[in-house]
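Notes follow the structure.
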Amino acid sequence: MEAMNHSASPSAPPRRTRRIVLASLAILGLASAAFVVWQPLMMSAPRCMAGRWHGCYDTFNGVLLMMLVALPLAALVVWALAHRRRADGPTSAWRTSTAEVSMVYGTVPLVWMTTMPGPGAGIAPGRVSLVPLRDLLTMGPVGIGGNLLIFAALGFFAPMRFAALASVPRILGLGAGCSALVETAQYILRLDRVSSVDDVLVNAAGAVLAALASRHWWRTTAERPSDQPRPAPTAAG
């Protein structure tokens, strides 16, 4: 039996090696994506570096460029929060801090892009499309991919941070609810955008798919949230 276990153990890669490989693949993927979009993003660099609103924060390229610029700051905030929670254990502290920062970093800029005014903002009346799947056929791959990503970070990291959200139906409701709020804001503020039920469906689907990808790291109810104090030990009697 010992011989069998000894011969089988080398075939299973250590957990640390798997993490290094996954991290390397993630870095390679991000680097490849940055290489592809680098030239379009640089078109907005002069206005963004000068702090100009027009041509930077009101354009997709400008917002994406500022996300890249803010990435080291987001990493620093994760480190600071994890260091503050170091008494909770390294694994819990880093997971909680990463989830909190990533939910904000990966969601707010994308929501901002979906609420950018169109050329007829304030003039054109609000438009609503309530027929399911009608607009889906006209979105195209880029439109569908973008809608899937809007609440993907929220769906991926929310169940890692909050045990109450660690279920597929709740993430589906969270994604659909947040998307409905965005679509309602587009209509009320008359941003010259179509408030479509298909956007809500695809946004919610993106949140669920991202949540399923992070299911291994979901927080369980048995875990103590990192923002609650550790119970004081009682004297043995």
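We did not get these values from a lab; they are worked out from the coordinates using the rules stated. Computed from a predicted structure; not experimentally measured. Please note: Cβ atoms are built from the backbone with ideal geometry, for glycine as well, and neighbour counts cover all protein chains shown.
If one computes the Cα centroid of the stretch 39-92 and of the stretch 146-198, what distance in Å separates the two points?
Spelled out, the Cα-based centre of one part sits 21 Å from the other.
For a quick check: with amide H placed at 1.01 Å from N, whose amide H comes under 5 Å from S129's, ignoring anything fewer than 5 positions away on the same chain?
Those qualifying (amide H under 5 Å, at least 5 residues apart or on another chain) are S195, S196, V197.
In the chain, which Cys residues have no partner Cys with a Cβ closer than 4.7 Å?
Isolated Cys, the chain: C178.
Separation between the R170 and A50 pseudo-spin-labels, each 7 Å from Cα along Cα→Cβ, expressed in nm?
4.9
Taking the highest mean first, how do the peptides 38-46, 176-184, 119-127 order by number of other beta carbon atoms within 10 angstrom per residue?
On the way: 38-46: 13.8, 176-184: 17.4, 119-127: 11.3.
Per-residue mean Cβ counts within 10 Å order the peptides as 176-184, 38-46, 119-127.
Pick out the long, greasy-scoring helices in the chain: whole DSSP H runs spanning 20 Å or more along their own axis by Cα, mean Kyte-Doolittle at least 1.6.
60-84, 197-213
Among residues other than V78 whose Cβ falls under 15 Å from its Cβ, what is the net charge (Lys/Arg +1, Asp/Glu -1)?
Working: positive: R84, R85, R86, R95, R161; negative: D88, E100.
Cβ neighbours under 15 Å give a net charge of +3.
Could you check which residue among G106, G143, G155 shows the biggest mean-square fluctuation in a GNM of the chain with a 10 Å Cα cutoff?
G143
Compute the normalised compactness of the stretch 107-225: alpha-carbon radius of gyration over 2.2 N^0.38 Å, N being the residue count.
So the stretch 107-225 has a normalised radius of gyration of 1.14.
Determine ³J(HN,Hα), in whole Hz, for all residues of the stretch 122-133 in sequence, where each value follows from phi through the Karplus function 6.51 cos²θ - 1.76 cosθ + 1.60 and θ = phi - 60°; x replaces Gly and Pro.
Each residue's phi maps through the Karplus curve to give x, 10, 5, x, x, 10, 10, 10, 10, 8, x, 6 Hz.
Suppose we take every Cα in the chain and form the convex hull; what volume per residue is that in Å³? Present the calculation step by step, with values, prior to reporting the outcome.
On the way: hull volume 49.1 nm³, N = 237.
In the chain, the Cα convex hull volume per residue is 207 Å³.
Compute the length gained on full extension between A163 and T184: take 0.36 nm times their separation in residues and subtract their Cα-Cα distance, giving the result in nm to one decimal. Spell out each step's value before the answer.
Details: separation 21, 0.36 × 21 = 7.56 nm, distance 2.84 nm.
Extra length from A163 to T184 when fully extended: 4.7 nm.
What number, rounded to the nearest 500 deg cm²/dmol, is the helix-based mean residue ellipticity at 222 nm of the chain, given -39500 (n - 2.57) per DSSP H run of at least four residues and division by all its residues? Let's see the in-between values first.
Values: 9 runs with 152 residues, N = 237.
That comes out to -21500 deg cm²/dmol.
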